[in-house]
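Before any comments, here is the structure.
The values are calculated or read from the model by the stated rules, or taken from the named source; none is laboratory data. Quick caveat, the model's predicted, so the values are computed rather than measured. Here the Cβ positions follow ideal geometry from the backbone for every residue, glycine too, while neighbour counts run over all protein chains shown. Heavy atoms of the whole protein, side chains included, go into the accessibility calculation; ligands, DNA and RNA do not. Shrake-Rupley method; radii C 1.70, N 1.55, O 1.52, S 1.80 Å.
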Amino acid sequence: MQLADRLGRIPPYLFSELREKIRRARARGQDVISLAIGDPVEPTPDPVVDELCRTARSPENHRYPTDEEKGMLAFRQSVARWYAERYGVELDPQAEVLALIGSKEGCHHFALARVNPGDAVLLTDPGYPAYRASILLAGGEPVSVPILAEDGFLPRLNEIPAEVCQRATAIYLNYPNNPTGAVATPEFFAQLVAWARERAIAVCHDNPYSEFVFDGAPRLSFLQALGAREVGIELNSLSKPFNMTGWRIGFAVGNPDLLRGIAQVKSNTDSGIPNAIQYAGIAALERCAENIDRMLTIYERRRRLVADTLTAIGWKAELPKGTFYLWLPTPDGMGSLECADLLLERAQVVVAPGRGYGEHGEGYIRISLTVPDDRLSEAMERMRRALT
Ligand SMILES: Cc1ncc(COP(=O)(O)O)c(C=O)c1O
C-alpha cells in the first residue's frame, strides 16, 4: 500500500535502530538497562488514581468529554490556579487555557493551527524530535537553530538571518531543555518576546519540565515575560511532575487566537480528553504538589550518582540545571551512535545518542534518571567497569 508523501519527509527515527539492538540483546538473554527514555518509573500519586476510579464510575463521564475542544472548565480553572501559584502568571481559564492530550499533541496541533505549507518554522537543534515531525506534517519547512554549550544551550536569536525570519511564522523552544538539561532566564524570555514581536513569529514554548529545576534555579514560565501572551503559547503537561506519562493529559496556555486555532483543529480530530482523566488531572494539580518535591529529591540523588561516577572515571559530566537528563559529551570525541553501541555491547546499558536530537546533538549522549535507584547504580557500576 502506497502511503502519503508527507510521511516520507519525516526523517527516520534513529531510536528505532537502537530499539532493535536492545531487542536482539534481550533475546540473547542479556540483562539490558535502558537509560534512554524519560518516563518516570515511580507510580502516579494515590489521590489521582483514586479520583479516576471514583469518576470513572459515573455514567455521565462515559460520554463524550464536556466542552470537548477546550477541556472541562473545572480543569482549566485548576490550571489557571496552578499557574498563578507556581509561576505568578494570571490566566483567564475561558480564553487562555486549553486542555491537551499531553504536550506532544500540542506541538502537533500548534503547527496545524499556525503553519501554512511552505512556511519556514524555526526549531532548536538539538531538540525534541516531535517538533520537526509536527512542522513537516503541517507542510512547513523546518529550519534548525543551533544551541551550543558555550551559550548555555540558548539560541542566538539575533544571529538568525533576516531572510529566514521573513519566511518564518513560528519557533519551537523548550526550557528546561530536553535533551541538554539547560534552563532559560527571565532575560532570555524577555528578549524572545521582543524578537518574536518584531518579526511576527509565533512562539511555541514547550515547558513540560518546568517543575524540574535544581540548585535554586527559579521555576520559569515563558508567560512571565511581559507581552508573551501576545506572541505565543506555552505547552505544559502532567506527565512528568505527577508521574502520569501514560495518562495523556496536558494543556496549552497563552495567546487566545492560537488557542482558538488549536481548539478548532482538536474539535475536528480528537474530541478531547475523557472527563475522568480530567478529574484525575484536577486532583494532581490541586492535591499532589508534594509529589514534585519527592521526585526532585529522587532526581537530585540520581543526578549526583551519575555525575560522580562518570567524573571519577574522567568523563566530563556536568550536573544539569533542569530536567531529569544528563547531556554528556562523548569520551575522546567518539561519535554518539558509536558511543551508544559501545555501552550496549560492553555494559548492556542503553543511552540515547545525541544525533537523534539533531545535527548539533552529535558528540553527545543523553542519560535519563527515570530508572529505579538500584538499576541506575548497577548501570553506573557496569559503565565504570566497561570504560576503565
Ligand atoms: C520536550 C518535550 N516535550 C513534550 C514531551 C511529551 O510530553 P507529553 O507526555 O505531555 O506529551 C516530552 C516527552 O518526553 C518532551 O521531552
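Can you tell me how many residues within the range 189-215 are farther than 21 Å from Gly106 by Cα and touching a helix residue (DSSP H, G or I) at 6+ places or on another chain (Cβ under 7 Å)?
5
In the range 167-179, is there at least one residue being out of contact with any Leu (no Cβ under 9 Å at 6 or more places or on another chain), part of a helix (DSSP H, G or I) and surrounded by fewer than 24 Cβ atoms within 10 Å (Cβ to Cβ)?
Yes: the range 167-179 contains one or more residues that are out of contact with any Leu (no Cβ under 9 Å at 6 or more places or on another chain), part of a helix (DSSP H, G or I) and surrounded by fewer than 24 Cβ atoms within 10 Å (Cβ to Cβ).
Out of curiosity, is Tyr128 open to solvent by less than 10 Å² (accessible area, probe 1.4 Å) and either on the phi > 0 side of the Ramachandran plot or part of a loop (DSSP other than H, G, I, E, B) (or both)?
For Tyr128, the condition - open to solvent by less than 10 Å² (accessible area, probe 1.4 Å) and either on the phi > 0 side of the Ramachandran plot or part of a loop (DSSP other than H, G, I, E, B) (or both) - is not met.
Residue by residue through the range 292-320, note down the ones that are under 19 Å from the mean Cα position of the chain (by Cα) and crowded, with 21+ Cβ neighbours inside 10 Å.
Met295, Arg303, Pro320, listed by residue number.
What single numbered condition from (1) open to solvent by 20 Å² or more (accessible area, probe 1.4 Å); (2) touching a residue at least 40 places away in the same chain (Cβ under 8 Å); (3) within 16 Å of the ligand (Cβ to nearest atom) fails to hold for Leu154?
So the condition that Leu154 fails would be (2).
Report, by residue number, each residue of the range 240-269 that is within 16 Å of the ligand (Cβ to nearest atom), open to solvent by 40 Å² or more (accessible area, probe 1.4 Å) and more than 30 Å from Ile298 (Cβ to Cβ).
Correct list: Thr269 only.
Which of (1) open to solvent by less than 50 Å² (accessible area, probe 1.4 Å); (2) out of contact with any strand residue (DSSP E or B) (no Cβ under 8 Å at 6 or more places or on another chain) does Glu230 not meet, given it meets every other one?
If we test Glu230 against (1) open to solvent by less than 50 Å² (accessible area, probe 1.4 Å); (2) out of contact with any strand residue (DSSP E or B) (no Cβ under 8 Å at 6 or more places or on another chain), just (1) comes out false.
Filter the range 233-270 down to the residues that are more than 24 Å from Asn291 (Cα to Cα), out of contact with any Leu (no Cβ under 7 Å at 6 or more places or on another chain) and not basic (Lys, Arg) and list them by number.
Those that are more than 24 Å from Asn291 (Cα to Cα), out of contact with any Leu (no Cβ under 7 Å at 6 or more places or on another chain) and not basic (Lys, Arg): Asn255, Pro256, Asp257, Leu258, Gly261, Gln264, Ser267, Asn268, Thr269, Asp270.
Confirm whether Tyr13 is of a type in the set (Phe, Trp, Tyr) and either on the phi > 0 side of the Ramachandran plot or more than 16 Å from the ligand (Cβ to nearest atom) (or both).
no
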